[in-house]
1. Determine, from the Cβ-Cβ distance of residue 7 and residue 441 and an R0 of 56 Å, the FRET efficiency 1/(1 + (r/R0)^6), rounded to the nearest 0.05.
2. Order the peptides 17-30, 93-106 from the highest to the lowest mean number of other Cβ atoms within 10 Å of their residues.
3. Sticking with the crude label model, points 7 Å out along Cα→Cβ, report the distance from residue 45 to residue 509 in nm, one decimal please.
4. Okay, helix-only estimate at 222 nm for the chain: each DSSP H run of n ≥ 4 adds -39500 (n - 2.57), divide by all residues, round to 500 deg cm²/dmol; what do you get?
5. Between residue 173 and residue 534, what is the FRET efficiency for a Förster distance of 35 Å, r being their Cβ-Cβ separation, to the nearest 0.05?
6. For residue 251 and residue 115, calculate 0.36 nm times their separation in residues minus their Cα-Cα distance, and state this gained length in nm to one decimal.
7. I need the shape label for the range 227-301. Rule: rounded when a/c is under 1.5, else prolate if a/b > b/c, else oblate, with a, b, c from the alpha carbon gyration tensor.
8. With axes computed from alpha carbons, what is the tilt in degrees of helix 61-94 against the longest principal axis of the chain, rounded to the nearest 10 within 0 to 90?
Amino acid sequence: MDKIQRKRLWAALKDVLRFEVFYKLFAICLANPVLQRLYQAYVATKGLSFNKEILGTFLTFEGAAVFAGLFLCALVLIFLEISTVLLLVDRARRGENGTLRSALMCSVWNLRTLRGWSLPLSAVYYVLLLPLVNIGYRNSLVIRVEIPWFIFGEMQRTAIGRAGMLTIYATIFFAFLFLLFVPLYMVFGQEPIGRAARHSLQSFRRLGWKGVLLVLAAFFLWERCKWAFGAYWRRNILDSQDFNRHLVKYLVQSQAFRKDFLCWLFLAVVTTAAMALFLWMLAALADRHGFLPEVKPPAWSDDAKLAAGASGRLLRRWWDGWRQRFRRRGWQLCAAAAVLWLCAGVLWQLKETPLCHRPFVIGHRGCVEEIENTLEAVTAANRLGADYAEIDVQLSADGVPVVVHDTNLWRLAGELADVRELTWEELSVLTIRADNQPGKTGRIPSLEQVLQTISGLPGEMGLLIELKTTGGEAGELAAAVMGLVEEYELGGRCLFMSLDYASILPIRERHPQWWTGYCVFGSAGELDETIWKYDIDFLAVEESLVSNQLVMQAREKELPVYVWTVYDMERMRQYLEMGVIGLITDFPEEAKEVVQAYRQQNEEVRYAWQGEGYPLEK
């Protein structure tokens, strides 16, 4: 690259960084809040919808229309951003002069490529595929799309599941690769996505093997950098939705947010620069091999030209006026307003709500050292220092509460039968195995056997009992569990939760002093807007649902938040710093180490309940 090209590349980086600052502020302060409010306003009219009930919120004409409308709004905003960045990069690469306003006007004109069938297909491509792969093409509205780990967590427990994971990842990657040049054809050539996809496939023939290797090298470098950063910074990255009206509160009260905010700023700058370099390479590669579409200027009609010109003059006059005011006294006024706002926010947020109790370590299905949900796994959890062992309880065909996670026995026992189809006598003689425990075998225990085991263990480890239902047996299951816990007088050492809210209601009615919680892996709306209406003592959420807003609001309402299933020690630290006080993990020994270090380093943290365990009197 000669001196002229380096100078042009630097100009492209500066133009893209300036634009991205503006667009990220627009997404954080306006676009995201507006779309979220519209979405939440509709969801609120349908009542509370969690877990399996989520789909019912949108399986109506009205729900589908709302979802499609918001999805298409996201498409427009993402397309405008990617289109503008591409135009800024290409103009700088060619050494052409142009303003940001003219690039934005061209991007608005390019929206005409989203007509007809191109609209839904483009939505899938820009809103789902690009953020899911998260290479090269970045946007400020939907930063990334992730498949919840609890889905893959179950898949990785079997060889077939792991093969399925690899197939899914390979399919997504090759779809992204073959459609790599689609944005260039849509932005420069103003082609609909169908034609752009065909041309993108044809482009690889014209690249030759050297060009393909260069593209693959760019992919490898991007992924390698992501992997290296992920190995260093294993915590969750802030999303644009983490920036809301409670920003000052997060900065004052959450040590996790302060750390993660600095990381977000660093990544925002680095990934923006990397995106500019990546798109520069694609455009240069396409130009060198003769298939970069010629940029078509906007062909506005006379009326559209007048409207666009008038709008542009108004915006320019407004901007010039504010810039002149700012040059005179604006910086002083802005600085004073910022200081006053920060001081007022800090004073308002200084009163910190205490956490409900000291952090718990909860062994997921016992622990990973033994076959899940067996007596050996529960015993190992106690040995490794867990405060509670989480177990899954279902009913057998003859009404006996048994401890097993899957409703079907194929994964654990190689039997094509459901737990509800077999009696306790039939279940008790089955041999179960786990891929992560080669050579080991186990038996499915009954809840009574687990309670007997807990009673005889040293220490005070308790049970977190998850009630799992498949049909209308919620009341029967709750009654059977309560009967056994009462018989062994272990109500003071047990917590109860379920994905089915109806399953815990009988326990609350009969034993209001026992702690019951709701287990959530998904919500139709913002979880923290509706969950407070449930009569629960704690909330157990899947990792993807944990947010600063959720944890802060739960803390203010004195509702403990437990998170499942946490595998990484850095994320354990992050969740504790956010205010999560229960870690459900396969590795209780590691979690215990993290909790002890956290308590030593944060002795000033206040707890509403000063004793160990949870308060028996609510």
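All of the numbers you see were taken from the coordinates with simple rules; none came from a lab. Predicted, not measured: the structure shown is a model, and the values here were computed from it. Glycine also receives a Cβ, built like all others from the backbone with ideal geometry; neighbour counts cover every protein chain displayed.
1. Working: r = 69 Å, r/R0 = 1.23.
Plugging the Cβ-Cβ distance into 1/(1 + (r/R0)^6) gives 0.25.
2. Numbers: 17-30: 16.5, 93-106: 14.8.
So the order, starting with the most tightly packed, is 17-30, 93-106.
3. Label-label distance for residue 45 and residue 509, simple model: 3.3 nm.
4. Working: 24 runs with 339 residues, N = 618.
Rounded to the nearest 500, the figure is -17500 deg cm²/dmol.
5. Working: r = 40 Å, r/R0 = 1.15.
Efficiency at R0 = 35 Å is approximately 0.30.
6. Working: separation 136, 0.36 × 136 = 48.96 nm, distance 4.37 nm.
Additional length available on full extension: 44.6 nm.
7. On the way: a/c = 5.24, a/b = 1.98, b/c = 2.65.
Since a/c reaches 1.5 but b/c is at least a/b, the shape of the range 227-301 is classed as oblate.
8. 50 degrees
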